[in-house]
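A.B. asks: For reference, the structure I am asking about is given below.
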Amino acid sequence: MKPLSVVIANGNIHNAEFLLRSLNNHFRVVSVAHDLVDLRHAIPRHKAEVAIVDLELAKFDDVQQLTREFADTVIVCTHRLADDGMWTNALAAGAADCCSSSDVRSIVLAASQTKPVAHTHAA
């Protein structure tokens, strides 16, 4: 399964590199963005179908903005201490899932089994 292009947004270089190495076996292209500005440039540059966004780097408002700005990109949130509250808030912000940043299996499943949904906005 290597159909997707993925961008990892993580401010912690060690966590980003761990995910990069782990996800390289599962996806066609895996790249790293070290902040939200870099992520906003990396998504179109790499034609990313999935963005894995660490919640220590981004707030839920940022996630909501990313889902609006990149409606064709699936957003999967991560956090080192992900819990049900974060999961609920991440989904409310438009993310497809929220996983522990060390749970590679869950991240791969969330990224590969989710299709982007067109976001509609009231006028």
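A.B. asks: Which ³J(HN,Hα) values, rounded to whole Hz and listed in residue order, are derived for region 79-93 from phi using the Karplus coefficients 6.51, -1.76 and 1.60 in 6.51 cos²θ - 1.76 cosθ + 1.60 with θ = phi - 60°, glycine and proline given as x?
C.D. replies: 7, 5, 10, 4, 9, 4, x, 5, 4, 4, 5, 5, 5, 5, 7
A.B. asks: Identify, among G11, L55, S22, the residue whose Cα sits farthest towards the positive end of the charge dipole of the chain, taking +1 on the Cβ of Lys and Arg and -1 on the Cβ of Asp and Glu, with the dipole about the Cα centre.
C.D. replies: S22
A.B. asks: 5 Å is the cut-off here: which amide hydrogens, built 1.01 Å from N in the peptide plane, fall below it relative to A9, excluding neighbours closer than 5 in sequence?
C.D. replies: A33, I52, V53, D54
A.B. asks: With charges set only on the Cβ (+1 for Lys and Arg, -1 for Asp and Glu), what does the dipole of the chain come to about its Cα centre, in debye to the nearest 20?
C.D. replies: Details: 11 positive and 14 negative charges, 101 e Å.
With Lys and Arg at +1 and Asp and Glu at -1, about 480 debye.
A.B. asks: If pairing requires two Cys Cβ atoms under 4.7 Å apart, which cysteines of the chain are left without a partner?
C.D. replies: C99
A.B. asks: Kindly identify region 1-57 as rounded, prolate or oblate by the Cα gyration tensor criterion: order the square roots of the eigenvalues as a ≥ b ≥ c, call it rounded if a/c is under 1.5, otherwise compare a/b with b/c, prolate if a/b is larger, else oblate.
C.D. replies: Oblate.
A.B. asks: Here is a follow-up. Please report the net charge: other residues with Cβ closer than 11 Å to the Cβ of N89, K and R +1, D and E -1.
C.D. replies: After counting each charged neighbour, the total is -2.
A.B. asks: Could you work out how far apart the two model spin labels at R21 and H34 are, taking each label as a point 7 Å from the Cα in the direction of the beta carbon, and quote it in nm?
C.D. replies: Each label point lies 7 Å from its Cα, and together they span 1.9 nm.
A.B. asks: Moving on. Quick query: amide H of I75 versus all other amide H atoms, modeled in the peptide plane; which residues come in under 5 Å with a sequence gap of 5 or more or a different chain?
C.D. replies: Correct list: A51, A96.
A.B. asks: Right, something else. Work out how far the C-alpha atoms of the chain reach from end to end along every principal axis, then list the three figures in whole Å, largest first.
C.D. replies: Computed over the chain, the largest-to-smallest principal extents equal 42, 29, 27 Å.
A.B. asks: Right, another one. So, counting K/R as plus one and D/E as minus one, what does the shell of residues with Cβ under 10 Å around N12 add up to?
C.D. replies: -2
A.B. asks: Still on this structure, I have one more. By counting other Cβ atoms within 10 Å of each Cβ, how are H26, H41 ranked from fewest to most? Mind dumping the intermediate values first?
C.D. replies: Numbers: H26 19, H41 12.
Fewest to most other Cβ atoms nearby, the residues stand as H41, H26.
A.B. asks: What number, in percent, do you get for the relative contact order of the chain if the mean sequence gap of Cα pairs under 8 Å and at least 6 apart is divided by its residue count? Mind showing how you got there, number by number?
C.D. replies: Working: 224 pairs, mean separation 28.3, N = 123.
With pairs under 8 Å counted, the relative contact order is 23 percent.
Laboratory data are not the source of any read-out in this text; all were calculated from the coordinates shown. Because the structure is a prediction, the values reported are computed rather than measured. Using ideal geometry, Cβ is built from the backbone for each residue, glycine included, and neighbour counts are taken over all protein chains shown.
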